[in-house]
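Trainee: Before I ask anything, let me first share the structure, which is written out below as C-alpha cells.
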C-alpha cells in the first residue's frame, strides 16, 4: 500500500511541470483528483487494510491528495483567465461582480428634468432662503394683509416677522431686487404648508417657479414657452388647455391642463373623471409686484409660472401617496433611477 | 358652492348639456368640482300602469301584477298591501339600478313565479321615509314617462370652486352673468315690486361704526304666518344643499343664493322696538349666537344692537336672544354691507365660518342691499303673508365710482393678440361695466359688485377670460436669449452627481423634526415654528444626520440590511449671521452614511462589512470627483460629542459621525 502511494506521489510530481493548458490541468484532475480518480481508488483500497495499518496509510494518502490539489490549483491559476474562454468548465453564467449603482431621489430627479428643459430655453437657475419674511412671501407678491388669498396657503410662522416660505415665488422678488430686466430664471426649492399630512398633501413639498420679465413680454409668449415645456416633458402629442384662475401675483392668471395621459382624456380615477390633469399655474406678473421691486409696470412686463414637483412626479410615476416620497424606504427609492 | 341648473335658467337661457356647461364654466375660470345629474338616480324607473293584480297562489301577502311600462308589460310579484289594479305606480324596469337599495333589478322567481321589475315605495325612490306601501301616482300620470320627469326631479347640480377674488360669483346671478357674457346672451335679473310696502312706522337705524359697516338697510314686516315652505322654495334651497326651515329663513337663504346678499331676520317682539344701532364690540364683550355658543368678541367685531342689547354679530351670526321661532308674527329684516377685512378677521378669531361671513369677507355689493331687501319682502309676503310697514337705509359715505381707463394698445401688448374695441366693449358691458368708448381708450366704470376690478390690468384679464385663453395664439417660434446664464445650484448638482456615481442612494427627508433631533449636543440653538401640524415635529433640523439614522433604522427593520445613503438639504440654527437675517442661519449640508455589507458572500469571495476605511475612502473619492482631494486632511477629534474623528477641508472641520454610529449595526 505504502509503495503504491509513494509511486503515485512520484508520478504526480513528475507531471507537475507539464501542465501547460486547460486540457492538461483537467486531464490531471480527472486522473488523480476526481471522485473515481486514482487517489480516491487508493482511499477505497485502504479500507481493506488491517485496522492497525490504516492510520499510517491514511496520513500518507492525505498528504498525497493535498499535494495533488496544490499542483492542480497552481496550474489552473498560472493558465489563468486567458485560457478560460476556451474552457467549457468555467461557468460564465455565474453572477458578475456588480458595481453599486446610486439611485437619485424622484423629487430631485424631477427637478433636474424640468431644469434641463428650461435651461435649454435660456433660463438661469436662482435659489433663495426657505425661512422668509412676510414681505417677500406675501406683501411684495400682492397678497394684501387679511385677504382671503392668504387662506390658500396655510403658513408656518417662526415669529411675527419670519415664516417658512409657502412657495418659491419670493425668490423672484429677491432676484428682481438685485438685477435689472431682462430676467429669465427658474427657481427650484422646498416649500411648506401647514396642512394635515395625508396621501394627497404634506407639510413640505417642492416647486419650480419661473419668471421672464423684459419689455414687451406677452401672454402669447407665456403660452408658447409653457406649451414647449409640456411637449418636451410629457410628449409632443399632448393636448392642452389654459383656463383662467387666480393668483395674487399674476394678472391675468391661468392654470394649464393637459389631457390625462393615463386614460387619454376619457376620464379615470387619477383625473377625477375630467379627462384633464392640472400641471401648473401661471400668469402675467401683476403690476403691483413690479412696483414692489421698483420697476415701472408701463415699461416692463413679464410672465411667471409654478410647477408642483411632487404632484408632477407622482402622476408621472404612478405613486399615489405623497408620504412615500419622504419615507426613504429604499425598496421604493431604488425603483427610480 | 352648489348651484342648481334649474335655478340658473331663471336668469339666462342654457339649452346646453351639463357636459357642455362644464366646458364653458371651466373656460371662464370657475372650477367645476362636480356635476350631479339628479335624474340619473331614477334611470330605468318609469310611470307604470297596474293592469291586473291577483293573489299569489303560494303566499298570502304577495300579489301577482301585470304592469304596463309603456314599452310592454311585465309580470311582477309585489308584497305591498296597497297595490291594486288600475293604479299608476313608479315602476323599476329590469336592469334599473336601485340607488337606495344598492342592487340592480333582475328577473327572478319568487315562490315559483318569475318576477321582472319592481313597484317602488317612496322610500325606495329616496323621496321620503314612507315605506308603508307602494307610492301611488295620480291617474293622469302618463304611462311610460320617466319617473324623474313626472316628479320634476330633472335638475343638475353643479359644485363650483370659486377663487377668493370672485366674491361676486357666490350666487346664481353671479354665475349666470359670466355665462351670459361668454355665450353673448341676455341676463335677466328680476325687478322687485315691493307692492305691499306701506310706510306706517319709522325704522331707526344708527351706524356708529361706519368703517366696519358702511351700509345698513332694514325693513319691518308685520302679521306674517310662519310655516313650511312651498315646494318650489323647499326644492330650491335643498337643491343647493341647505336645510329647509321655514318660509322666512328659506327666503333669506334663497335671496342670498340668488344675488349673493346675506340677510338676517330678527323676531321683532324680541327687540326693544323697531330700532337698530351698529357699533364696535367693547373690549372683552361677550355674546351668545343662535347656535347656543357664547363668544368673547375681538375688537374687529361689529355688533348689531337694539336700544338695550346686542342682537347679532354683524356679518357672522344672529343672536339666540332674537331668533325667529314658531309663533313669530313680526320681523325686522336686515340687509347690510360689512367691511370684508373686518369680517374675515372676526370670523377667524372666533373660529366661525358661516355662509354670511364667507360672502361678506369676499366683499358683497354695497349697492345691492336695498334690491335684496325688496326682493325678500316680496317673497316673504308671497309665502308668509303680512305687510311691510317701514324700511330704512343708512349709507353715510357711498363708495365713489371706480372709473378705469383701458388702453387698447396696452391690452394688445400684454396679451399678444389684438382684440378689437367692439368685442372688448361688449365683454365689459356684459360683465356689468359702464363703458364710454374713446379712440384708443375704453373708459370703464366698474360695477359695484366687482370690488376686484380696480386697475387697467384687472379689466384686461376680464376681457381675456371671457374672450377665451384658447383664442390667444401659441407661437411656434420664439426668440432665444443671449443673456448670461447662471445656476445657483451648480455645485449642489455636481455634488449630487458625484455621490450617485459612487453608488450612493439619495434620500430626501423632512425639514421639520422632533425637538430632540434638532437639539444636538454642541450644536447651536434651534429654530422652531409657532404652529406645528403635529406637536412632536416643531423644529427645523440643525443636521441631516438624525433623519438619516432614522431612515437607516427603518430600512434595516424592513430587511434592507446594506445601504449607502446621502442627502443634500438645508439646515437651520438660531444664531446671528448676515445682516439681513439677524436671528438665524440657513445653509446647505451634505450628509452620508453607510451600513451593512460592503460585499456580500458570493462565489468569488466572502462577505465583508463596511468599516471606517470605506467611509474614509468615500470621502476621498467624492473629493476627487469634485477635484478637491488635495485639500483634505483627516484627524481624530476628541472634542466632538458625536464623533471621534473628523476630516478637514480647507480650515473647516467636518465630523465623521456616521461611521461610528453605524458600527453597532454592521
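Trainee: In segment B:481-503, which residues are more than 7 Å from chain A (Cβ to nearest Cβ), under 41 Å from the mean Cα position of the chain (by Cα) and either over 30 Å from residue A:215 (Cβ atoms) or surrounded by 15 or more Cβ atoms within 10 Å (Cβ to Cβ) (or both)?
Mentor: Of segment B:481-503, the ones more than 7 Å from chain A (Cβ to nearest Cβ) are B:482, B:484, B:490-495, B:497-498.
Next, from what is left, pick out any that are under 41 Å from the mean Cα position of the chain (by Cα): B:490, B:492-493.
Once the filter is applied, which keeps residues that are more than 7 Å from chain A (Cβ to nearest Cβ), under 41 Å from the mean Cα position of the chain (by Cα) and either over 30 Å from residue A:215 (Cβ atoms) or surrounded by 15 or more Cβ atoms within 10 Å (Cβ to Cβ) (or both), segment B:481-503 yields B:492, B:493.
Trainee: Tell me which residues, restricted to segment A:154-176, are touching a helix residue (DSSP H, G or I) at 6+ places or on another chain (Cβ under 9 Å) and more than 20 Å from residue B:532 (Cβ to Cβ).
Mentor: A:169, A:170, A:171, A:172, A:173, A:174, A:176
Trainee: Residue by residue through segment B:383-406, note down the ones that are out of contact with any helix residue (DSSP H, G or I) (no Cβ under 7 Å at 6 or more places or on another chain) and farther than 30 Å from residue B:213 by Cα.
Mentor: B:385 - this is the single residue of segment B:383-406 that is out of contact with any helix residue (DSSP H, G or I) (no Cβ under 7 Å at 6 or more places or on another chain) and farther than 30 Å from residue B:213 by Cα.
Trainee: Do we find a residue being crowded, with 19+ Cβ neighbours inside 10 Å and either touching a residue at least 12 places away in the same chain (Cβ under 8 Å) or part of a loop (DSSP other than H, G, I, E, B) (or both) anywhere in segment B:185-196?
Mentor: Filtering segment B:185-196 for residues crowded, with 19+ Cβ neighbours inside 10 Å gives none.
Looking for residues that are crowded, with 19+ Cβ neighbours inside 10 Å and either touching a residue at least 12 places away in the same chain (Cβ under 8 Å) or part of a loop (DSSP other than H, G, I, E, B) (or both), one finds none in segment B:185-196, hence no.
Trainee: Which of the residues belonging to segment A:123-136 are within 24 Å of residue A:226 (Cα to Cα) and buried (at least 23 other Cβ atoms within 10 Å of the Cβ)? Steps first, answer last, please.
Mentor: Kept after step one, since they are within 24 Å of residue A:226 (Cα to Cα), are these residues of segment A:123-136: A:123-128.
Hits for segment A:123-136 are A:123, A:126.
Trainee: Another question, if that's okay. Residues that are within 30 Å of residue A:102 (Cα to Cα) and at the interface with chain B (Cβ under 10 Å from one of its Cβ atoms): which helices (runs of 4 or more DSSP H) entirely in segment A:240-337 hold 2 or more of them? Please lay out each step first, then the result.
Mentor: On the way: elements: A:287-292, A:309-317, A:323-327, A:330-333.
Result: A:323-327, A:330-333.
Trainee: Restricting to segment B:400-417, name every residue that is away from every other protein chain (no Cβ under 11 Å) and free of Cβ contacts under 8 Å to residues at least 40 places away in the same chain.
Mentor: To start, the set of residues in segment B:400-417 that are away from every other protein chain (no Cβ under 11 Å) comprises B:400-406, B:408-409.
Of everything in segment B:400-417, those that are away from every other protein chain (no Cβ under 11 Å) and free of Cβ contacts under 8 Å to residues at least 40 places away in the same chain turn out to be B:400, B:408, B:409.
Trainee: Now for a separate question. Restricting to segment B:468-496, count the residues that are farther than 30 Å from residue B:183 by Cβ and without any contact (Cβ under 8 Å) to a residue 60 or more places away in the chain.
Mentor: Final tally of qualifying residues: 17.
Trainee: Let me ask something additional. For segment B:504-520, which residues satisfy the criterion of being within 7 Å of chain A (Cβ to nearest Cβ) and not in a loop (DSSP other than H, G, I, E, B)? Show your work before the answer.
Mentor: Going residue by residue through segment B:504-520, those that are within 7 Å of chain A (Cβ to nearest Cβ) are B:504-512.
Matches in segment B:504-520: B:505, B:506, B:512.
Trainee: Take the conditions over 30 Å from residue A:90 (Cβ atoms), in contact with a helix residue (DSSP H, G or I) (Cβ under 9 Å, 6 or more places away or on another chain) and surrounded by fewer than 16 Cβ atoms within 10 Å (Cβ to Cβ) and apply them to residue A:69. Does it pass?
Mentor: On the way: over 30 Å from residue A:90 (Cβ atoms): no; in contact with a helix residue (DSSP H, G or I) (Cβ under 9 Å, 6 or more places away or on another chain): yes; surrounded by fewer than 16 Cβ atoms within 10 Å (Cβ to Cβ): yes.
For residue A:69, the condition - over 30 Å from residue A:90 (Cβ atoms), in contact with a helix residue (DSSP H, G or I) (Cβ under 9 Å, 6 or more places away or on another chain) and surrounded by fewer than 16 Cβ atoms within 10 Å (Cβ to Cβ) - is not met.
Trainee: Would you check which residues across segment A:167-184 are crowded, with 24+ Cβ neighbours inside 10 Å and more than 14 Å from residue A:282 (Cα to Cα) and list them?
Mentor: Those that are crowded, with 24+ Cβ neighbours inside 10 Å and more than 14 Å from residue A:282 (Cα to Cα): A:170, A:171, A:176.
Residue-wise test of (1) in a helix (DSSP H, G or I); (2) exposed (fewer than 15 other Cβ atoms within 10 Å of the Cβ); (3) modelled with pLDDT of 90 or more.
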site	(1), (2), (3)
B:572	no, no, yes
B:578	no, yes, no
B:598	no, no, no
B:613	yes, yes, no
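Trainee: Sticking with this one: Only one residue in B:301, B:281, B:320, B:272 is modelled with pLDDT under 95 and in contact with a helix residue (DSSP H, G or I) (Cβ under 6 Å, 6 or more places away or on another chain), so which one is that? I'd like the intermediate steps shown before the answer.
Mentor: Values: B:281 fails: in contact with a helix residue (DSSP H, G or I) (Cβ under 6 Å, 6 or more places away or on another chain); B:320 fails: in contact with a helix residue (DSSP H, G or I) (Cβ under 6 Å, 6 or more places away or on another chain); B:272 fails: in contact with a helix residue (DSSP H, G or I) (Cβ under 6 Å, 6 or more places away or on another chain).
Only one candidate qualifies: B:301.
Trainee: Of everything in segment A:195-221 that's in contact (Cβ under 8 Å) with a residue 40 or more places away in the chain and over 30 Å from the mean Cα position of the chain (by Cα), which residue is nearest to residue A:155 (Cα to Cα)?
Mentor: A:213
Trainee: Can you tell me which residues in segment A:144-194 are in a helix (DSSP H, G or I), out of contact with any strand residue (DSSP E or B) (no Cβ under 9 Å at 6 or more places or on another chain) and facing chain B (nearest Cβ under 8 Å)?
Mentor: A:148, A:151
Trainee: I'd like to know if segment B:425-444 contains one or more residues that are within 30 Å of residue B:273 (Cβ to Cβ) and either out of contact with any helix residue (DSSP H, G or I) (no Cβ under 6 Å at 6 or more places or on another chain) or more than 11 Å from chain A (Cβ to nearest Cβ) (or both). Step through it out loud before you land on a result.
Mentor: Going residue by residue through segment B:425-444, those that are within 30 Å of residue B:273 (Cβ to Cβ) are none.
Looking for residues that are within 30 Å of residue B:273 (Cβ to Cβ) and either out of contact with any helix residue (DSSP H, G or I) (no Cβ under 6 Å at 6 or more places or on another chain) or more than 11 Å from chain A (Cβ to nearest Cβ) (or both), one finds none in segment B:425-444, hence no.
Trainee: Take the conditions facing chain A (nearest Cβ under 10 Å) and assigned to a strand (DSSP E or B) and apply them to residue B:567. Does it pass? Break it down stepwise before answering.
Mentor: Values: facing chain A (nearest Cβ under 10 Å): yes; assigned to a strand (DSSP E or B): yes.
Spelling it out, residue B:567 is indeed facing chain A (nearest Cβ under 10 Å) and assigned to a strand (DSSP E or B).
The values are calculated or read from the model by the stated rules, or taken from the named source; none is laboratory data. These numbers were taken from a predicted model, which means no experiment stands behind them. Methodologically, a virtual Cβ is constructed for each residue, glycine included, from the backbone with ideal geometry; neighbour enumeration extends over all protein chains shown.
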